[in-house]
Amino acid sequence: MPALTTPSLPSLWSATATPPPPTQPLDHDAVADVAIIGAGYAGLSAALHLAEAGRHAVVLEAVEIGHGGAGRNNGMVIPALTRAYPADLRARFGIVRGDRLARLVAGSAAFTFDLIRRHQIACDAVQTGWTQPAHSPGRARLARDRFEQWQALGADVAYLDRNETATLSGSPLYHGAWLARSGGHVNPLKLVRGLAGAAQAAGATIHTQSPVTAVARDGEGWRLATPSGSLRAAKVIVATDAYSDNLFPQLRRSIVPVRFFQLATAPLPEAVRRQVLPGCQALSDTHADMYFVRPTVDGRLVSGGALVLNHRWQPRLARHVAGRLARMFPALGPSVSFDYAWDGHVAITTDFLPRLHELAPGIVTVAGYNGRGVALATASGKVLADAVLAGGSSADLADLDIPLTPLAPIPLHGALTRVASLELLRYRWRDTQEVAA
Ligand SMILES: Cc1cc2nc3c(=O)[nH]c(=O)nc-3n(C[C@H](O)[C@H](O)[C@H](O)COP(=O)(O)OP(=O)(O)OC[C@H]3O[C@@H](n4cnc5c(N)ncnc54)[C@H](O)[C@@H]3O)c2cc1C
């Protein structure tokens, strides 16, 4: 399968972001300490941290900075995983390793906002918190349990009862919520372009329009080929996530790329803004077919979702999301209109956990952020940089905050990818059962 080269739609982000820093395609035979494949959050954060540590890092990007999820996402900075909570991580990886991963996740939003502040990245960063409200009484009990788990780990979290949730969100729909105060939202394309600028300023080199087409052994290191050049490096970081192509076919087959859609409303009247997410938090609720929404600095809401069938997706999605938003926020009235619609692919893993793999000696990757990569991929970039700085051996990789696991291609991957969106039907059925319960 070729790289996912969905043409960039006129997203809100591409209409409002400052231009990317200047870059050129790789057009010669170059040498670096570390080669990084992919200019999203993970690759650029790794490049920045490696450059700050005095290593020459060269990023090769197939298309442009933020071409993948980094330039297309909703921009919520979320210090939590999609499904797994600290107890799940302990059960899966043991107390010590499970808690290390949980702490990385819990600290990932603060890490990202600190990085933004340290490098003065202008990306409309708003650290007002991220909240997960519960759509049923049973989910409210779970939300309290989740809050207690994160609190026990030292995370800056709160539990809100029904009234407090309505006041915080402006929505009467919910039975309670937990709030991660370190979360928030950004303009995601401004963030990834800003990270690129910070990495360049620290000494990293970025080549766009430079897809890596082959990786071959070269003495003790590796040689990466692009259409008009090559790059030799001792270590390689692969940061391609949902946009992984056939460069490492086993990696591509270990994640399911699921298409997600985003919509941005027109700017809301001031009186409505004061009633919808009045505290400017980002919100994704407990529906399996998740309702999510975040405000922007110019008074819009950005929401979206997945669809079972993707044909004529724009009008169908607009109706679907407008209905949801009207149910969530009566103050919006019945006719919500949208100025922008765009899409992208999210990397889903079978257990909804991110993965760290050694693809070959000296080649490392993290993938499978399951729709939670704004904070986690940015934090993982530092994990990857630290792994390389420690030497990058298998022993070094086995002692990171993300547990090292063997690469496990998903059986019947092609078929599963084609029918993945049908899973939504099961999610929606489950959601109706829970609300009725
Ligand atoms: C619609 C949508 C909404 C989302 N909303 C949120 C959200 O609100 N909050 C959140 O936390 N997460 C969200 N996500 C997920 C988040 O965007 C991703 O987890 C994150 O972008 C992953 O970052 P990354 O750096 O690992 O990979 P990406 O940002 O996907 O970057 C990978 C890069 O690798 C490049 N590449 C691939 N193959 C090659 C090759 N052979 N050679 C060179 N380059 C290559 C691609 O062109 C791409 O630029 C969303 C994703 C989507 C699509």
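Being within 16 Å of the ligand (Cβ to nearest atom) and out of contact with any Gly (no Cβ under 6 Å at 6 or more places or on another chain) narrows it down to one of A375, A395, so name that one.
Step by step, each of A375, A395 is checked, and only A375 is within 16 Å of the ligand (Cβ to nearest atom) and out of contact with any Gly (no Cβ under 6 Å at 6 or more places or on another chain).
Can you tell me which residue in region 36-65 is nearest to L195 (Cα to Cα), limited to those that are near the ligand (Cβ under 10 Å from one of its atoms) and assigned to a strand (DSSP E or B)?
V59
Show the residue pairs that are 6+ apart or on different chains and have beta-carbon atoms under 7 Å apart, the first residue being within region 240-252 and surrounded by 21 or more Cβ atoms within 10 Å (Cβ to Cβ), the second being acidic (D, E).
Short answer, once both residue conditions are applied: R252/D245.
Just for region 328-340: of the residues that are among the aliphatic types (A, V, I, L, M) and modelled with pLDDT of 95 or more, which one is farthest from the ligand (Cβ to nearest atom)?
Out of the qualifying residues, it is A331.
Could you check region 253-274 and list, in sequence order, the residues that are farther than 15 Å from A367 by Cα, of a type in the set (G, A, S) and either out of contact with any Phe, Trp or Tyr (no Cβ under 8 Å at 6 or more places or on another chain) or surrounded by fewer than 20 Cβ atoms within 10 Å (Cβ to Cβ) (or both)?
A266, A271 - these are the residues of region 253-274 that are farther than 15 Å from A367 by Cα, of a type in the set (G, A, S) and either out of contact with any Phe, Trp or Tyr (no Cβ under 8 Å at 6 or more places or on another chain) or surrounded by fewer than 20 Cβ atoms within 10 Å (Cβ to Cβ) (or both).
Just give me the residues in region 72-86 being in a helix (DSSP H, G or I) and either within 7 Å of the ligand (Cβ to nearest atom) or more than 28 Å from G305 (Cβ to Cβ) (or both), in sequence order.
If the condition is that a residue be in a helix (DSSP H, G or I) and either within 7 Å of the ligand (Cβ to nearest atom) or more than 28 Å from G305 (Cβ to Cβ) (or both), then R72 is the only one that fits.
Select from region 1-32 the residues that are of a type in the set (A, V, I, L, M) and in a loop (DSSP other than H, G, I, E, B) and write down the one among them that is modelled with the highest pLDDT.
L26
Which ones in region 220-245 are near the ligand (Cβ under 8 Å from one of its atoms) and either closer than 16 Å to E358 by Cα or part of a strand (DSSP E or B) (or both)?
T226, A239, T240, D241, S244
Give me the helices (runs of 4 or more DSSP H) completely within region 367-437, filtered to those with at least 3 residues that are surrounded by 12 or more Cβ atoms within 10 Å (Cβ to Cβ) and among the basic types (K, R), ordered by residue number.
none
Is it the case that A198 is among the small types (G, A, S), under 23 Å from N74 (Cα atoms) and within 14 Å of the ligand (Cβ to nearest atom)?
Spelling it out, it is not the case that A198 is among the small types (G, A, S), under 23 Å from N74 (Cα atoms) and within 14 Å of the ligand (Cβ to nearest atom).
What number of residues within region 246-264 are more than 9 Å from the ligand (Cβ to nearest atom) and among the polar types (S, T, N, Q)?
Here the count works out to 2.
The values are calculated or read from the model by the stated rules, or taken from the named source; none is laboratory data. Everything numeric in this text was worked out from a predicted model, so none of it was measured. Note: ideal-geometry Cβ built from the backbone for every residue, glycine included; neighbour counts use all protein chains shown.
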